[in-house]
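The values are calculated or read from the model by the stated rules, or taken from the named source; none is laboratory data. Keep in mind it's a predicted model, so treat the numbers as computed, not measured. Cβ sites come from the backbone with ideal geometry, for glycine too, and all protein chains shown count toward neighbours.
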Amino acid sequence: MAFLEVQGLKKVFAGAGGRADTAVFEDINFGIERGEFVCIIGHSGCGKTTILNVLAGLETPTDGVVIMDQREISGPSLDRGVVFQGHALMPWLSVLKNVAFAVKSRWPEWSREKIDEHAKQYIAMVGLAGAEHKKPSELSGGMKQRVGIARAFAIQPKMLLLDEPFGALDALTRGTIQDELLRIVQATHQTVFMITHDVDEAILLADKILLMSNGPRALIAEVVENTMPRDRTRNTIFNDPQYYRIRNHLVDFLVNRSKLYQSGEARAGHDPKHPPVLRPGLDAAEAPAAHAAPAALPPMSQKATALVVNLR
Amino acid sequence: MTSRDTLRAGLLSIVFALVTLAVWHVATVQPEHAAAPDDEYAKLMGKGTKKSDGFPTPSQLGEAAKQHLANPFYDNGPNDKGIGIQLAHSLARVAGGFTLAILVAIPLGFLIGMSPLLSRALNPFIQVLKPISPLAWMPLALYTIKDSSVSGIFVIFICSLWPALINTAYGVAAVRRDWLNVAKTLEVAPLRRAFQVILPAAAPTILTGMRISIGIAWLVIVAAEMLVGGTGIGYFVWNEWNNLNLTNVIFAILVIGVMGMILDFIFGRLQKLVTYVE
């Protein structure tokens, strides 16, 4: 059993104005191993954030369970640190106090000195040493998000949940913070679940990428394993031919195939309990050129051979 | 605004004040009595020679102000107390009623703001009670409390309650979900969440409500004291009207205005203290 198990997750939102209730997603099953970095990719409206909120304990699913460390998740917990999309820093507190607030929640018995020292250590980890006494309004968007990351790491959660943490940042800042996050995660062996829209970000950071089909009734269409070496960095990633294969596969999914799962053949042939696990990076037989061609065919018939590695 | 602009605005204010005083002076000054009756006759008729039967002039007001401010705390019995003592009585009533109102409004506002159910259930009562002139409560207050001074405090309580209550409820209800979610994921206990997340987040709105409340309280205390009598700046105004001493009435009006300005300034400062930039 994986460290975190998601089983049969379903969320139904009540239809407004007499319309029928709609399931945003249904029968979502996946597992996350300890120390694994998992990204989830999908178009808007497929319920990624809802899944993350369920994992965080902020929302209750209509159906299904989430089990972490052999215990069912029921409500928020300090075991799961969350980095919110809009950083969610408290503007009346300084950087240090924002992080210290979280630290005090985790270890209420600690002395003030110990709390501040611990908080400072994590502020330094995200490269903000010297900015401890600034208010969030005095920081740039990237710096605010770093504080959010420091706050989540400072409570030393068993698992980190990131809801599109870099979505609002410019490309340069995003790159720098991605590098930092990668460095910290590699050093701490943190288990991470992250939502992203950015294919490159997913390839750089994730060990495993969950591809979600379009909503409503979204499901996990494929699980892509990142077979690139774990010591990859943003600067060297482009030298690896695997990068292009994985990237083409992901882009192809988002552009062409994510909408095919609404009904018909693709859905019928799909087993949501065991979504196919693919390793497009290792696929030497299919050269990058073949991937570049738009894949209008249903996914299973095109890629069924050799690629499917069922872990169960 | 640059310091240069501030200076200009200040100069302009002084010009406006001088123009007002000049117009007032021209409009109210009376020609000297051509044939002044002899002093002894004047003493027989009134106290002094400076008796005027018209609207007071600026210089008369200045004279009165000097007298009042030279000795603001004298007490020569129920109908002759210094302006400082009267002001202190009014301020004490306002402070009492306002403090009680805040002690009720903030906890109740918290509950209403956090519970949509309670908010809906109490809304009709608030909507009906809010537009009632606080003075309309006076007979009920006098009948039940049987003490005019305490009734004044009650009236201040009633009129300070609504803006503080409504703003607190609104501020609490409008706290950003993100911050509450942060508190939830950190398993923050309810009391700590109330005091360290919701209170600071809603503080600017709460202070806005308190600032409106203190302004209304200061408006109402004058009218309330005119009704109940005894002490206070409102009673002073009414008493001087009965004495037909318009100079003192005008002086009292100015004092009321300046005091109101000071109260507003204090709450403006407090508001600035708790305001945060997002």
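Just a few scattered comments:
- Odd one out for A:M125 among (1) away from chain B (no Cβ under 14 Å); (2) under 21 Å from B:N181 (Cα atoms); (3) not β-branched (V, I, T): (2)
- Note on segment A:102-122: among residues that are out of contact with any helix residue (DSSP H, G or I) (no Cβ under 7 Å at 6 or more places or on another chain) and touching a residue at least 40 places away in the same chain (Cβ under 8 Å), the one that is surrounded by the fewest Cβ atoms within 10 Å (Cβ to Cβ) is A:R106.
- When A:N53 is tested against (1) within 14 Å of chain B (Cβ to nearest Cβ); (2) in contact with a Phe, Trp or Tyr (Cβ under 9 Å, 6 or more places away or on another chain); (3) not in a loop (DSSP other than H, G, I, E, B), just one condition goes unmet, and that condition is (2).
- Any hit, segment B:194-203, residues being within 13 Å of another protein chain (Cβ to nearest Cβ), surrounded by fewer than 21 Cβ atoms within 10 Å (Cβ to Cβ) and among the polar types (S, T, N, Q): yes
- Options A:G81, A:G86, A:G45, A:G130; residue that is assigned to a strand (DSSP E or B) and either modelled with pLDDT under 95 or under 25 Å from B:L199 (Cα atoms) (or both): A:G81
- Residues of segment B:138-150 that turn out to be touching a residue at least 60 places away in the same chain (Cβ under 8 Å) and either of a type in the set (K, R) or buried (at least 22 other Cβ atoms within 10 Å of the Cβ) (or both), as a count: 0
- Of all residues in segment A:67-95 being more than 9 Å from chain B (Cβ to nearest Cβ) and surrounded by fewer than 20 Cβ atoms within 10 Å (Cβ to Cβ), the one that is farthest from B:A183 (Cα to Cα): A:Q70
- Residues in segment B:151-193 that are within 12 Å of chain A (Cβ to nearest Cβ) and in contact (Cβ under 8 Å) with a residue 24 or more places away in the chain were compared, and the one that is surrounded by the fewest Cβ atoms within 10 Å (Cβ to Cβ) is B:R176.
- Note on segment A:171-197: residues that are acidic (D, E) and in contact with a Gly (Cβ under 8 Å, 6 or more places away or on another chain) total 1.
- Enumeration of residues in segment A:96-114 that are away from chain B (no Cβ under 11 Å) and within 24 Å of the chain's Cα centre (by Cα): A:V99
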